[in-house]
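Okay, structure first, notes after.
The values are calculated or read from the model by the stated rules, or taken from the named source; none is laboratory data. Bear in mind the structure is a predicted one, so any value in this text is a computation, not a measurement. Cβ sites come from the backbone with ideal geometry, for glycine too, and all protein chains shown count toward neighbours.
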Ligand code: IPM
Ligand code: MG
(Lines give C-alpha, C1' and ligand atoms only; values in the text may rest on other atoms or scores of the structure.)
(Ligands and ions follow the chains in the order given, each with its own letter.)
Protein backbone atom coordinates (compact mmCIF):
# COMPACT_ATOMS: atom_id res chain seq x y z
CA UNK A 1 0.00 0.00 0.00
CA UNK A 2 1.44 3.35 -0.99
CA UNK A 3 1.48 5.79 1.91
CA UNK A 4 -0.16 8.88 0.42
CA UNK A 5 0.20 10.91 3.61
CA UNK A 6 3.96 10.34 3.44
CA UNK A 7 3.99 11.47 -0.18
CA UNK A 8 2.10 14.61 0.70
CA UNK A 9 4.45 15.50 3.57
CA UNK A 10 7.50 14.86 1.39
CA UNK A 11 6.04 16.89 -1.46
CA UNK A 12 5.50 19.84 0.81
CA UNK A 13 9.08 19.57 2.06
CA UNK A 14 10.34 19.36 -1.50
CA UNK A 15 8.32 22.45 -2.37
CA UNK A 16 10.12 24.37 0.38
CA UNK A 17 13.51 23.22 -0.86
CA UNK A 18 12.61 24.36 -4.37
CA UNK A 19 11.43 27.74 -3.12
CA UNK A 20 14.68 28.36 -1.23
CA UNK A 21 16.79 27.32 -4.18
CA UNK A 22 14.87 29.46 -6.66
CA UNK A 23 15.34 32.42 -4.33
CA UNK A 24 19.02 31.60 -4.24
CA UNK A 25 19.18 31.61 -8.05
CA UNK A 26 17.70 35.12 -8.01
CA UNK A 27 20.45 36.21 -5.61
CA UNK A 28 23.08 34.60 -7.83
CA UNK A 29 21.88 36.72 -10.71
CA UNK A 30 22.88 39.83 -8.77
CA UNK A 31 26.41 38.97 -7.85
CA UNK A 32 28.77 41.70 -6.69
CA UNK A 33 31.94 42.51 -8.62
CA UNK A 34 35.29 41.06 -7.60
CA UNK A 35 36.94 42.97 -4.77
CA UNK A 36 40.01 44.86 -5.96
CA UNK A 37 42.69 44.26 -3.33
CA UNK A 38 44.99 46.81 -4.95
CA UNK A 39 42.68 49.56 -3.82
CA UNK A 40 42.41 48.35 -0.20
CA UNK A 41 44.74 49.40 2.59
CA UNK A 42 45.28 47.81 4.97
CA UNK A 43 44.20 44.38 3.78
CA UNK A 44 42.87 42.76 6.96
CA UNK A 45 43.89 39.13 7.39
CA UNK A 46 41.82 37.25 9.99
CA UNK A 47 43.33 34.22 11.72
CA UNK A 48 40.88 31.54 12.92
CA UNK A 49 42.56 28.82 15.00
CA UNK A 50 39.78 26.20 14.92
CA UNK A 51 39.92 22.92 16.84
CA UNK A 52 42.40 20.16 17.61
CA UNK A 53 45.75 20.85 15.96
CA UNK A 54 44.25 23.98 14.35
CA UNK A 55 45.58 26.52 16.88
CA UNK A 56 49.11 25.03 16.58
CA UNK A 57 49.32 25.14 12.80
CA UNK A 58 47.52 28.46 12.66
CA UNK A 59 49.99 30.09 15.08
CA UNK A 60 52.87 28.72 13.03
CA UNK A 61 51.38 30.00 9.80
CA UNK A 62 50.84 33.42 11.32
CA UNK A 63 54.50 33.48 12.44
CA UNK A 64 55.69 32.69 8.90
CA UNK A 65 53.33 35.22 7.34
CA UNK A 66 54.19 37.98 9.78
CA UNK A 67 57.81 37.42 8.89
CA UNK A 68 57.18 37.50 5.15
CA UNK A 69 54.86 40.49 5.32
CA UNK A 70 56.92 42.49 7.82
CA UNK A 71 57.46 45.36 5.36
CA UNK A 72 53.84 45.43 4.26
CA UNK A 73 52.63 45.42 7.87
CA UNK A 74 54.90 48.25 8.90
CA UNK A 75 53.89 50.22 5.80
CA UNK A 76 50.24 49.77 6.81
CA UNK A 77 49.37 47.66 3.74
CA UNK A 78 48.44 44.54 5.72
CA UNK A 79 47.12 43.84 9.19
CA UNK A 80 46.55 40.62 11.15
CA UNK A 81 43.54 40.06 13.34
CA UNK A 82 43.11 36.97 15.54
CA UNK A 83 39.48 35.85 15.77
CA UNK A 84 38.58 33.57 18.69
CA UNK A 85 35.44 31.57 19.12
CA UNK A 86 35.28 29.31 16.06
CA UNK A 87 35.77 26.34 18.37
CA UNK A 88 33.51 23.35 18.81
CA UNK A 89 33.00 24.25 22.50
CA UNK A 90 31.75 27.75 21.67
CA UNK A 91 29.77 26.59 18.65
CA UNK A 92 28.06 23.88 20.72
CA UNK A 93 27.34 26.36 23.55
CA UNK A 94 25.69 28.75 21.06
CA UNK A 95 24.19 25.89 19.03
CA UNK A 96 25.40 27.59 15.85
CA UNK A 97 27.85 26.36 13.26
CA UNK A 98 29.29 29.89 13.23
CA UNK A 99 28.25 32.05 16.22
CA UNK A 100 26.87 35.46 15.11
CA UNK A 101 29.62 37.56 16.71
CA UNK A 102 32.31 35.38 15.11
CA UNK A 103 30.64 35.73 11.71
CA UNK A 104 30.58 39.51 12.12
CA UNK A 105 34.28 39.53 12.89
CA UNK A 106 34.99 37.33 9.88
CA UNK A 107 33.04 39.74 7.69
CA UNK A 108 35.20 42.56 9.06
CA UNK A 109 38.25 40.97 7.40
CA UNK A 110 39.07 40.89 3.70
CA UNK A 111 40.52 37.41 3.86
CA UNK A 112 40.80 34.75 6.56
CA UNK A 113 43.08 31.81 7.25
CA UNK A 114 41.26 29.05 9.06
CA UNK A 115 42.55 26.07 11.02
CA UNK A 116 40.49 22.87 10.74
CA UNK A 117 37.25 22.81 12.72
CA UNK A 118 35.64 19.74 14.22
CA UNK A 119 32.64 18.44 12.26
CA UNK A 120 30.20 16.71 14.63
CA UNK A 121 28.92 13.38 13.44
CA UNK A 122 26.01 11.28 14.56
CA UNK A 123 26.83 9.69 17.91
CA UNK A 124 29.80 11.80 19.06
CA UNK A 125 29.70 13.99 22.18
CA UNK A 126 28.72 17.17 20.31
CA UNK A 127 25.30 18.35 19.12
CA UNK A 128 24.75 17.73 15.45
CA UNK A 129 25.36 21.31 14.22
CA UNK A 130 26.27 21.91 10.58
CA UNK A 131 29.97 21.87 9.73
CA UNK A 132 31.59 25.29 10.04
CA UNK A 133 33.35 24.77 6.69
CA UNK A 134 30.18 24.31 4.74
CA UNK A 135 28.38 27.13 6.60
CA UNK A 136 31.19 29.56 5.94
CA UNK A 137 31.32 28.64 2.26
CA UNK A 138 27.57 29.19 1.94
CA UNK A 139 27.34 32.23 4.23
CA UNK A 140 30.16 34.15 2.48
CA UNK A 141 29.33 32.65 -0.95
CA UNK A 142 32.84 31.25 -1.39
CA UNK A 143 31.97 29.45 -4.58
CA UNK A 144 35.41 28.44 -5.82
CA UNK A 145 37.38 25.89 -3.86
CA UNK A 146 40.77 26.11 -5.50
CA UNK A 147 43.13 23.26 -4.65
CA UNK A 148 46.58 23.06 -6.19
CA UNK A 149 48.58 19.83 -6.21
CA UNK A 150 52.21 20.08 -7.24
CA UNK A 151 54.93 17.48 -7.59
CA UNK A 152 57.53 19.35 -9.65
CA UNK A 153 59.85 16.33 -9.75
CA UNK A 154 57.12 14.39 -11.59
CA UNK A 155 55.95 17.31 -13.69
CA UNK A 156 52.63 17.33 -11.90
CA UNK A 157 51.04 20.76 -11.60
CA UNK A 158 47.27 20.54 -11.17
CA UNK A 159 44.79 23.14 -10.03
CA UNK A 160 41.35 21.88 -9.11
CA UNK A 161 38.39 24.26 -9.24
CA UNK A 162 35.87 22.49 -7.03
CA UNK A 163 32.44 24.13 -7.01
CA UNK A 164 31.84 24.93 -3.36
CA UNK A 165 28.24 25.92 -2.72
CA UNK A 166 26.02 23.52 -4.69
CA UNK A 167 25.64 19.84 -5.54
CA UNK A 168 24.90 17.42 -2.66
CA UNK A 169 26.29 20.00 -0.22
CA UNK A 170 23.71 22.72 -0.94
CA UNK A 171 20.90 21.00 0.92
CA UNK A 172 22.87 18.15 2.45
CA UNK A 173 21.00 18.43 5.74
CA UNK A 174 17.58 18.83 4.11
CA UNK A 175 17.07 15.34 2.76
CA UNK A 176 13.94 13.43 3.72
CA UNK A 177 13.02 10.06 5.06
CA UNK A 178 9.82 9.72 3.07
CA UNK A 179 8.95 6.53 4.93
CA UNK A 180 10.97 4.31 7.23
CA UNK A 181 12.40 2.62 4.14
CA UNK A 182 12.77 5.40 1.60
CA UNK A 183 15.35 8.18 2.03
CA UNK A 184 15.94 10.90 -0.51
CA UNK A 185 18.62 13.60 -0.71
CA UNK A 186 18.69 16.45 -3.19
CA UNK A 187 21.37 17.51 -5.60
CA UNK A 188 21.38 21.12 -6.74
CA UNK A 189 23.19 22.40 -9.82
CA UNK A 190 22.37 25.83 -11.25
CA UNK A 191 23.40 27.53 -14.48
CA UNK A 192 24.78 30.51 -12.56
CA UNK A 193 26.67 28.35 -10.07
CA UNK A 194 28.20 26.21 -12.82
CA UNK A 195 29.09 29.14 -14.99
CA UNK A 196 30.98 31.07 -12.33
CA UNK A 197 33.17 28.12 -11.32
CA UNK A 198 33.92 27.04 -14.89
CA UNK A 199 34.60 30.63 -15.88
CA UNK A 200 37.00 30.93 -12.90
CA UNK A 201 38.84 27.81 -14.06
CA UNK A 202 39.24 29.04 -17.64
CA UNK A 203 40.25 32.52 -16.49
CA UNK A 204 42.87 30.97 -14.20
CA UNK A 205 44.21 28.84 -17.06
CA UNK A 206 44.51 31.89 -19.27
CA UNK A 207 46.12 34.05 -16.58
CA UNK A 208 48.70 31.43 -15.63
CA UNK A 209 49.61 30.38 -19.16
CA UNK A 210 48.00 26.95 -18.95
CA UNK A 211 46.68 25.44 -22.15
CA UNK A 212 43.96 23.05 -21.04
CA UNK A 213 40.91 22.77 -18.78
CA UNK A 214 39.42 19.38 -17.90
CA UNK A 215 35.78 19.10 -16.86
CA UNK A 216 34.87 16.16 -14.63
CA UNK A 217 31.31 14.86 -14.25
CA UNK A 218 29.29 11.68 -14.48
CA UNK A 219 27.02 13.15 -17.11
CA UNK A 220 26.41 9.79 -18.75
CA UNK A 221 24.44 8.70 -15.66
CA UNK A 222 23.52 11.84 -13.72
CA UNK A 223 22.06 13.34 -16.83
CA UNK A 224 20.18 16.39 -15.65
CA UNK A 225 22.51 18.07 -13.18
CA UNK A 226 25.87 16.90 -14.51
CA UNK A 227 24.44 17.37 -17.99
CA UNK A 228 23.86 21.03 -17.18
CA UNK A 229 27.39 21.42 -15.80
CA UNK A 230 28.81 20.02 -19.01
CA UNK A 231 26.54 22.15 -21.21
CA UNK A 232 27.67 25.27 -19.42
CA UNK A 233 31.29 24.18 -19.87
CA UNK A 234 30.73 24.03 -23.63
CA UNK A 235 29.38 27.55 -23.57
CA UNK A 236 32.20 28.98 -21.42
CA UNK A 237 34.85 27.22 -23.51
CA UNK A 238 33.67 29.15 -26.58
CA UNK A 239 34.83 32.33 -24.89
CA UNK A 240 38.35 30.87 -24.59
CA UNK A 241 39.25 29.67 -28.08
CA UNK A 242 42.95 29.46 -27.16
CA UNK A 243 42.35 27.05 -24.33
CA UNK A 244 41.79 23.44 -25.12
CA UNK A 245 39.26 21.56 -23.02
CA UNK A 246 38.12 18.00 -22.50
CA UNK A 247 35.56 16.13 -20.45
CA UNK A 248 36.14 13.08 -18.25
CA UNK A 249 33.91 10.93 -16.09
CA UNK A 250 34.76 10.90 -12.41
CA UNK A 251 35.33 7.14 -12.17
CA UNK A 252 37.95 6.90 -14.88
CA UNK A 253 39.43 10.20 -13.69
CA UNK A 254 40.25 8.64 -10.30
CA UNK A 255 42.23 6.01 -12.22
CA UNK A 256 43.87 8.49 -14.60
CA UNK A 257 45.20 10.59 -11.73
CA UNK A 258 47.33 7.71 -10.51
CA UNK A 259 48.32 6.56 -13.98
CA UNK A 260 51.85 7.84 -14.71
CA UNK A 261 51.12 7.75 -18.44
CA UNK A 262 48.20 10.16 -17.99
CA UNK A 263 49.07 12.32 -14.98
CA UNK A 264 50.92 14.96 -16.95
CA UNK A 265 47.99 15.55 -19.30
CA UNK A 266 46.00 17.45 -16.69
CA UNK A 267 46.44 21.10 -15.79
CA UNK A 268 43.31 22.88 -14.60
CA UNK A 269 40.27 20.81 -13.62
CA UNK A 270 36.74 22.04 -12.89
CA UNK A 271 34.15 19.87 -11.22
CA UNK A 272 31.03 19.80 -9.05
CA UNK A 273 31.37 19.86 -5.27
CA UNK A 274 31.26 16.20 -4.18
CA UNK A 275 33.44 14.85 -6.98
CA UNK A 276 35.84 17.67 -6.16
CA UNK A 277 35.86 16.75 -2.48
CA UNK A 278 36.81 13.17 -3.25
CA UNK A 279 39.19 13.72 -6.14
CA UNK A 280 41.21 16.39 -4.33
CA UNK A 281 41.94 14.06 -1.40
CA UNK A 282 43.24 11.49 -3.87
CA UNK A 283 45.30 14.13 -5.66
CA UNK A 284 46.72 15.44 -2.37
CA UNK A 285 47.92 11.94 -1.54
CA UNK A 286 50.08 11.98 -4.67
CA UNK A 287 51.74 15.13 -3.35
CA UNK A 288 52.44 13.61 0.06
CA UNK A 289 49.07 13.46 1.78
CA UNK A 290 46.23 15.77 2.79
CA UNK A 291 48.55 17.23 5.45
CA UNK A 292 50.51 18.93 2.69
CA UNK A 293 47.61 20.39 0.76
CA UNK A 294 46.15 23.86 1.06
CA UNK A 295 42.89 25.14 -0.23
CA UNK A 296 41.42 28.50 -1.17
CA UNK A 297 37.71 29.21 -0.80
CA UNK A 298 37.12 32.19 -2.99
CA UNK A 299 34.11 34.40 -3.50
CA UNK A 300 33.76 37.78 -5.10
CA UNK A 301 33.67 39.65 -1.79
CA UNK A 302 35.41 37.34 0.72
CA UNK A 303 38.01 34.60 0.63
CA UNK A 304 39.00 32.00 3.20
CA UNK A 305 42.11 29.82 3.05
CA UNK A 306 42.41 26.53 4.88
CA UNK A 307 43.97 23.09 5.14
CA UNK A 308 42.08 20.29 3.42
CA UNK A 309 42.44 17.91 6.38
CA UNK A 310 40.57 17.64 9.68
CA UNK A 311 41.43 18.76 13.21
CA UNK A 312 43.18 15.51 14.29
CA UNK A 313 41.77 15.45 17.86
CA UNK A 314 43.71 12.28 18.59
CA UNK A 315 47.02 14.12 18.21
CA UNK A 316 45.91 16.59 20.86
CA UNK A 317 44.59 13.87 23.22
CA UNK A 318 47.90 12.08 22.96
CA UNK A 319 49.85 15.28 23.63
CA UNK A 320 51.35 15.46 20.13
CA UNK A 321 49.87 18.74 18.90
CA UNK A 322 53.27 20.44 18.71
CA UNK A 323 54.31 17.87 16.09
CA UNK A 324 51.44 18.74 13.74
CA UNK A 325 52.58 19.51 10.21
CA UNK A 326 51.75 23.15 9.38
CA UNK A 327 52.49 22.74 5.63
CA UNK A 328 48.86 22.59 4.62
CA UNK A 329 48.00 25.92 6.17
CA UNK A 330 51.26 27.53 5.10
CA UNK A 331 50.44 26.31 1.58
CA UNK A 332 47.02 27.92 1.93
CA UNK A 333 48.71 31.14 3.03
CA UNK A 334 50.87 31.10 -0.13
CA UNK A 335 47.62 30.99 -2.10
CA UNK A 336 46.33 33.85 0.00
CA UNK A 337 49.37 35.97 -0.76
CA UNK A 338 48.83 35.41 -4.49
CA UNK A 339 45.13 36.14 -4.17
CA UNK A 340 45.61 39.51 -2.46
CA UNK A 341 48.23 40.67 -4.93
CA UNK A 342 51.53 39.69 -3.26
CA UNK A 343 52.22 37.27 -6.10
CA UNK A 344 55.96 37.16 -5.88
CA UNK A 345 55.97 36.37 -2.18
CA UNK A 346 53.30 33.74 -2.69
CA UNK A 347 55.24 32.00 -5.45
CA UNK A 348 58.41 31.99 -3.40
CA UNK A 349 56.56 30.48 -0.48
CA UNK A 350 55.13 27.74 -2.74
CA UNK A 351 58.63 26.95 -3.93
CA UNK A 352 60.03 26.86 -0.40
CA UNK A 353 57.27 24.40 0.55
CA UNK A 354 58.09 22.18 -2.43
CA UNK A 355 61.79 22.23 -1.55
CA UNK A 356 61.37 21.67 2.20
CA UNK A 357 58.52 19.18 2.10
CA UNK A 358 59.31 17.10 -0.97
CA UNK A 359 62.89 17.58 -2.10
CA UNK A 360 65.57 18.46 0.43
CA UNK A 361 63.54 17.44 3.48
CA UNK A 362 66.12 18.53 6.02
CA UNK A 363 63.44 18.85 8.67
CA UNK A 364 61.15 15.84 8.61
CA UNK A 365 57.83 15.68 10.39
CA UNK A 366 56.31 12.40 11.53
CA UNK A 367 53.46 13.72 13.64
CA UNK A 368 55.19 12.50 16.80
CA UNK A 369 58.35 13.04 18.84
CA UNK A 370 60.35 10.97 16.36
CA UNK A 371 60.11 13.95 14.00
CA UNK A 372 60.39 17.71 14.05
CA UNK A 373 58.01 20.15 15.67
CA UNK A 374 55.71 22.49 13.83
CA UNK A 375 57.93 25.36 14.89
CA UNK A 376 61.12 23.76 13.57
CA UNK A 377 59.40 23.28 10.22
CA UNK A 378 58.26 26.93 10.25
CA UNK A 379 61.87 28.01 10.86
CA UNK A 380 63.03 25.81 7.97
CA UNK A 381 60.49 27.44 5.65
CA UNK A 382 61.46 30.95 6.72
CA UNK A 383 65.14 30.24 6.16
CA UNK A 384 64.47 28.71 2.76
CA UNK A 385 62.09 31.31 1.43
CA UNK A 386 64.50 34.18 2.02
CA UNK A 387 67.58 32.32 0.89
CA UNK A 388 69.13 33.68 -2.29
CA UNK A 389 69.34 30.17 -3.72
CA UNK A 390 65.62 29.35 -3.48
CA UNK A 391 65.01 29.60 -7.24
CA UNK A 392 68.07 27.53 -8.03
CA UNK A 393 67.17 24.83 -5.54
CA UNK A 394 63.65 24.66 -6.89
CA UNK A 395 64.91 24.36 -10.48
CA UNK A 396 67.21 21.56 -9.35
CA UNK A 397 64.18 19.76 -7.92
CA UNK A 398 62.03 20.36 -10.99
CA UNK A 399 64.78 19.01 -13.22
CA UNK A 400 65.59 16.00 -11.07
CA UNK A 401 62.96 13.81 -12.77
CA UNK A 402 62.45 10.66 -10.82
C1 LIG B 1 36.94 19.39 2.68
C2 LIG B 1 36.34 18.63 3.83
C3 LIG B 1 34.96 19.18 4.11
C4 LIG B 1 34.11 18.93 2.89
C5 LIG B 1 34.27 18.63 5.37
C6 LIG B 1 35.12 18.81 6.60
C7 LIG B 1 32.93 19.24 5.58
O8 LIG B 1 36.32 17.27 3.55
O9 LIG B 1 37.14 20.61 2.82
O10 LIG B 1 37.22 18.79 1.65
O11 LIG B 1 33.49 17.87 2.75
O12 LIG B 1 34.07 19.80 2.03
MG1 MG C 1 37.27 16.73 1.74
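Structural remarks
Condition check ((1) within 15 Å of the chain's Cα centre (by Cα); (2) in a strand (DSSP E or B); (3) assigned by TED's automatic domain parsing to the domain that holds residue 363; (4) in contact (Cβ under 8 Å) with a residue 60 or more places away in the chain) across all residues:
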site	(1), (2), (3), (4)
242	no, no, no, no
258	no, no, no, no
344	no, no, yes, no
349	no, no, yes, yes
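- The stretch 47-132 holds no helices (runs of 4 or more DSSP H) entirely within its bounds that carry 3 or more residues that are in the same structural domain as residue 165 (by TED's automatic domain parsing) and in contact (Cβ under 8 Å) with a residue 12 or more places away in the chain.
- Residue check, residue 80 within 15 Å of ligand 2 (Cβ to nearest atom) and either under 20 Å from residue 333 (Cβ atoms) or buried (at least 22 other Cβ atoms within 10 Å of the Cβ) (or both): no
- In the stretch 204-218, the qualifying residues are those that are under 30 Å from residue 30 (Cβ atoms) and surrounded by fewer than 17 Cβ atoms within 10 Å (Cβ to Cβ), and the one that is modelled with the highest pLDDT is 206.
- Taking the criterion of being in a helix (DSSP H, G or I) and touching a residue at least 60 places away in the same chain (Cβ under 8 Å), the residues of the stretch 203-228 that qualify are 204, 205.
- Scanning the stretch 274-312 for residues that are in a strand (DSSP E or B), modelled with pLDDT under 95 and more than 12 Å from ligand 2 (Cβ to nearest atom) gives a single hit, 294.
- The combined condition, being in the same structural domain as residue 92 (by TED's automatic domain parsing), surrounded by fewer than 17 Cβ atoms within 10 Å (Cβ to Cβ) and without any contact (Cβ under 8 Å) to a residue 40 or more places away in the chain, is not fulfilled by residue 177.
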